[in-house]
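See structure below.
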Amino acid sequence: MYLAGFTPLEEGSKTGWYVLEPSLHPHAKTDSSGYFVVDQVPPGQYVVVVGPTPEDAVAALAGRDPLVIEVKAGQVTELGDIVIR
C-alpha cells in the first residue's frame, strides 16, 4: 500500500494527477488480516495505491475516481475498509 502525492487541478477538486515514486512516497505492508499503519506522513493530499509491487500497483477507487485522502498535521487519518476486486 502506497500513498502517492496528489495535485488537484483546482482547489478542492478530486480531479488531478499523481505519480507513484516508491522511494519517496509513504508506504506500508499489510498484515495477514489486511491492516496497515503508515507513520510520519507529511500533511497533504494523497491517492491510495495498492499492489504487491510498485510496478503492479493500482489506485484504489472511490466510485469511478481514485481514492484521495487528506492528511492533516497531528491527526490520525482513518481510511476504513478498502475493497480490492
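Every number here is computed from the coordinates shown, using simple stated rules; none is lab data. All figures in this text were calculated on a predicted structure; none of them were measured in a lab. Heads up, the Cβs are rebuilt from the backbone with ideal geometry, glycines too, and the neighbour counts pull from every protein chain shown.
Counting only strands (runs of 3 or more DSSP E) that fall entirely inside region 13-85 and contain at least 3 residues that are surrounded by 11 or more Cβ atoms within 10 Å (Cβ to Cβ) and in contact (Cβ under 8 Å) with a residue 24 or more places away in the chain, the qualifying elements are 44-50, 68-71.
Against the numbered list (1) touching an Asp or Glu at 6+ places or on another chain (Cβ under 8 Å); (2) farther than 22 Å from VAL83 by Cβ, LYS14 comes up short only at (2).
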